[in-house]
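Heads up: the structure comes next, in structure tokens.
The values are calculated or read from the model by the stated rules, or taken from the named source; none is laboratory data. Keep in mind that this is a model prediction, so the values were computed, not measured. Glycine gets a Cβ as well: all are built from the backbone with ideal geometry, and neighbour counts include every protein chain shown. Just so you know, the surface numbers come from the protein's heavy atoms only, side chains and all, with ligands and any DNA or RNA stripped out. Shrake-Rupley method; radii C 1.70, N 1.55, O 1.52, S 1.80 Å.
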Amino acid sequence: QVQLVESGGGLVQPGGSLRLSCAASGSIFSITDMGWYRQAPGKQRELVAVIRSGGRLTYADSVKGRFTISRDNAKNTVYLQMNSLKPEDTAVYYCNAEVQITKGTIPEDYWGQGTQVTVSS
């Protein structure tokens, strides 16, 4: 069993910053991709940023230049630094990780419970 626990969400004014964290724990042999997705009310869940095991980064166009994803492999933790936040960034943010539970198995997708980010004055 693998658990992803997110923290760092909250209410912030436009132009402000927040840092999200997501720690993976449980039966983990290795983690390949780790990333953040978000879902606003009435909208589909969308990719925000992904960091691959080799370090390659992918960002949604809407957050490029404002958000930075990073990871600490020793802690199985991924971070999302969000700067210059806008009201349209308001959403529930979900952590995702592709986890290999034992050597030789296919990595499986795991999700956190989500953390609310609200950008409003």
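Go through the residues of region 40-53 one by one and say whether even a single one is modelled with pLDDT under 95, closer than 23 Å to Val99 by Cα and open to solvent by 20 Å² or more (accessible area, probe 1.4 Å).
Checked against the condition, which is being modelled with pLDDT under 95, closer than 23 Å to Val99 by Cα and open to solvent by 20 Å² or more (accessible area, probe 1.4 Å), region 40-53 yields at least one hit.
Of the conditions (1) closer than 16 Å to Val5 by Cα; (2) out of contact with any strand residue (DSSP E or B) (no Cβ under 8 Å at 6 or more places or on another chain), Gly65 clears all except one; give me its number.
(1)
Return yes or no: is Arg52 of a type in the set (D, E, K, R), in contact with a Ser or Thr (Cβ under 8 Å, 6 or more places away or on another chain) and closer than 15 Å to Arg19 by Cα? Please lay out each step first, then the result.
Values: of a type in the set (D, E, K, R): yes; in contact with a Ser or Thr (Cβ under 8 Å, 6 or more places away or on another chain): yes; closer than 15 Å to Arg19 by Cα: no.
So Arg52 does not fit the description; no.
Among the candidates Phe29, Phe67, which residue alone is exposed (fewer than 13 other Cβ atoms within 10 Å of the Cβ) and aromatic (Phe, Trp, Tyr)? Can you show your working first?
Working: Phe67 fails: exposed (fewer than 13 other Cβ atoms within 10 Å of the Cβ).
Phe29 is the lone residue from the list that is exposed (fewer than 13 other Cβ atoms within 10 Å of the Cβ) and aromatic (Phe, Trp, Tyr).
Considering Ser120, Ser84, which residue is in contact (Cβ under 8 Å) with a residue 24 or more places away in the chain, surrounded by fewer than 18 Cβ atoms within 10 Å (Cβ to Cβ) and in contact with a helix residue (DSSP H, G or I) (Cβ under 8 Å, 6 or more places away or on another chain)?
Sole residue among the options that is in contact (Cβ under 8 Å) with a residue 24 or more places away in the chain, surrounded by fewer than 18 Cβ atoms within 10 Å (Cβ to Cβ) and in contact with a helix residue (DSSP H, G or I) (Cβ under 8 Å, 6 or more places away or on another chain): Ser120.
When the residues of region 19-56 are narrowed to those that are hydrophobic (A, V, I, L, M, F, W, C) and over 16 Å from the mean Cα position of the chain (by Cα), which ends up farthest from Tyr93 (Cα to Cα)?
Going residue by residue through region 19-56, those that are hydrophobic (A, V, I, L, M, F, W, C) are 20, 22-24, 28-29, 31, 34, 36, 40, 47-51.
From what's left, over 16 Å from the mean Cα position of the chain (by Cα): 28-29.
On the way: Ile28: 23, Phe29: 25 Å.
By that ranking, first place goes to Phe29.
Look at Gly9 and say whether it is on the phi > 0 side of the Ramachandran plot and out of contact with any Phe, Trp or Tyr (no Cβ under 6 Å at 6 or more places or on another chain).
Details: on the phi > 0 side of the Ramachandran plot: no; out of contact with any Phe, Trp or Tyr (no Cβ under 6 Å at 6 or more places or on another chain): yes.
Against the criterion (on the phi > 0 side of the Ramachandran plot and out of contact with any Phe, Trp or Tyr (no Cβ under 6 Å at 6 or more places or on another chain)), Gly9 does not qualify.
I'd like to verify a number: residues in region 1-18 that are closer than 20 Å to Asn83 by Cα and within 12 Å of the chain's Cα centre (by Cα), how many? Outline the logic, then answer.
Within region 1-18, the first condition is being closer than 20 Å to Asn83 by Cα, and the residues that meet it are 6-18.
Keeping just the survivors that are within 12 Å of the chain's Cα centre (by Cα) gives 6-9.
Selection size over region 1-18: 4.
Quick one: is Ala97 open to solvent by less than 70 Å² (accessible area, probe 1.4 Å), farther than 23 Å from Leu11 by Cα and in contact with a strand residue (DSSP E or B) (Cβ under 6 Å, 6 or more places away or on another chain)? Explain how you work it out, then say what you get.
Numbers: open to solvent by less than 70 Å² (accessible area, probe 1.4 Å): yes; farther than 23 Å from Leu11 by Cα: yes; in contact with a strand residue (DSSP E or B) (Cβ under 6 Å, 6 or more places away or on another chain): yes.
Spelling it out, Ala97 is indeed open to solvent by less than 70 Å² (accessible area, probe 1.4 Å), farther than 23 Å from Leu11 by Cα and in contact with a strand residue (DSSP E or B) (Cβ under 6 Å, 6 or more places away or on another chain).
Go through (1) aliphatic (A, V, I, L, M); (2) under 18 Å from Glu6 (Cβ atoms); (3) in contact (Cβ under 8 Å) with a residue 24 or more places away in the chain; (4) touching a Phe, Trp or Tyr at 6+ places or on another chain (Cβ under 7 Å) for Ile101 and report which single condition fails.
In the conditions (1) aliphatic (A, V, I, L, M); (2) under 18 Å from Glu6 (Cβ atoms); (3) in contact (Cβ under 8 Å) with a residue 24 or more places away in the chain; (4) touching a Phe, Trp or Tyr at 6+ places or on another chain (Cβ under 7 Å), Ile101 misses (2) alone.
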